[in-house]
Amino acid sequence: MAEQKAGCARPTGAVVGEPSRQEKSKEQLIEKEINMVTAKVGAKAPDFEAPAYFRGEFTTVKLSDFLGKWVMVCFYPGDFTFV
Amino acid sequence: MSAVAANYDKLQELGVEVISVSVDSQFVHKVWNDQELSKMAERDVPFHMASDGPGNVGKVYGVYDEAAGVELRGRFIIDPDGVIQAMEVMTPPVGRQLSETIRQVQAFQHVRATKGAEVCPAGWTPGKKVLKPGPALVGNVWKEWSPLKDH
């Protein structure tokens, strides 16, 4: 069986039967990103708020709630991966 | 992440809060904790496991892989003022070394405690020689610190 490269689901930007509007949505995305702060060493961290699992509860975690403390933020490829 | 969970007490001693982030939902995080991580770490995951489904957080941190739809291994040390003091970004197949993160936190905490009067040379761990930057040290680091003996 041929192995398929795992990707992720993304919308085409159009309704069914209409041509993809992906090009346009990509431009919009870039435009949006220009206005966003990005992470740089020596600069204040971009704040974020995200749904979370914390000690048996579904919660919301917000980076700026930890101002005054040291924080380690760790991104990783995915749950149930091998490393 | 199991290594961070297993060694969480060391981070707590240093006053470090941990937030892990992946594109998985918080529900998958729960099942991963229950089914696997808690067995590996011999405890439940004690830190915040955040869900970044659309990769929006990963994008502003420069760690979101658009093609794969997942986040790279990115580790950020943020100080009490909210300033990023260190970052390390790796592709997925190689894991991190938590003791290096702990060493860096200890070094940054030392610098902060001395308000920058003392800095930590290469390979510094608590108890090792620090340097005091100033006019007298310029050109004289070689007298104070040796990469062969003090590293």
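Derivation of every value follows stated rules applied to the coordinates shown; laboratory data play no part. It should be emphasised that the depicted structure is a prediction, and the values quoted were computed from it without experimental measurement. Using ideal geometry, Cβ is built from the backbone for each residue, glycine included, and neighbour counts are taken over all protein chains shown.
Things worth noting here:
- Every residue from the range A:50-83 that is among the acidic types (Asp, Glu) and part of a loop (DSSP other than H, G, I, E, B): A:79
- Those strands (runs of 3 or more DSSP E) of the range B:1-101 in which at least 2 residues are out of contact with any Ser or Thr (no Cβ under 6 Å at 6 or more places or on another chain) and more than 23 Å from residue A:57 (Cβ to Cβ), considering only elements entirely within it, cover B:73-78, B:84-90.
- Members of the range B:67-95 found to be more than 17 Å from residue B:55 (Cβ to Cβ) and of a type in the set (Asp, Glu), listed by number: B:79, B:81, B:88
- Considering (1) surrounded by fewer than 21 Cβ atoms within 10 Å (Cβ to Cβ); (2) among the hydrophobic types (A, V, I, L, M, F, W, C); (3) within 19 Å of residue A:43 (Cα to Cα), the lone condition that residue B:11 does not fulfil carries the number (3).
- Restricting B:83, B:21, B:28 to those that are closer than 30 Å to residue B:121 by Cα, among the β-branched types (Val, Ile, Thr) and at the interface with chain A (Cβ under 7 Å from one of its Cβ atoms) reduces the list to B:83.
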